[in-house]
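What follows is one structure encoded as structure tokens, with my remarks underneath.
Here, each number is a calculation from the coordinates, and none is a lab measurement. Because the structure is a prediction, the values reported are computed rather than measured. For neighbour counting, all protein chains shown are included, and Cβ atoms are generated from backbone atoms with ideal geometry for every residue, glycine included.
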């Protein structure tokens, strides 16, 4: 343990400065009791908007996607026009194929980051599932594409 004299001679830390706030950003509070449902990319999902796109002035988007029926067929190969997409599996599971040849099952409690423009295909899901999805920026395009070499359409 340092002596009292040693403690007194230590340089004092500079006071913490608050990070500058973007003027257009604000707090978003999405209540589960009052869900805001929006149209999404897939007909078999229900999309709950969490208000993050508006609150972050378009820097991020966050949604909870839920389904009470499994996928009837794969989504088809596609990529997202964004910097990245983060998913956290709240319930159930989903299998995804990636252009590098990997197939990954994301299960309850798992997370996955998909870089923007990386081709992938959701191929199977559990009957019931719920996913938290966050993307940057807040507007994310989805573009269908041909399967990578060696994959079926």
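Worth pointing out:
- The distance from the alpha carbon centre of the stretch 97-135 to that of the stretch 44-65 is 18 Å, rounded to a whole number.
- When 46, 24 are sorted by how many other C-beta atoms sit within 10 angstrom of their C-beta, beginning with the fewest, the order is 24, 46.
- Annotation for residue 93 and residue 124: the two label points, set 7 Å from Cα along the Cα-Cβ direction, are 0.8 nm apart.
- Residues 103, 125, 75, sorted so that the one with the fewest Cβ neighbours within 10 Å comes first: 103, 75, 125
- FRET E, pair residue 36, residue 69, Förster distance 22 Å, beta-carbon r, rounded to 0.05: 0.50
- Likely footprinting exposure, 134, 27, fewest C-beta neighbours within 10 Å first: 27, 134
- Shown is the FRET efficiency for residue 28 and residue 81, computed with R0 = 30 Å from the Cβ-Cβ distance and rounded to the nearest 0.05: 0.80.
- Peptides 104-112, 135-143 ordered by packing proxy, namely the average of other Cβ atoms within 10 Å per residue, highest first: 135-143, 104-112.
- Global geometry of the stretch 34-144, whether rounded, prolate or oblate, following the gyration tensor of its Cα atoms and the 1.5 cut on a/c: oblate
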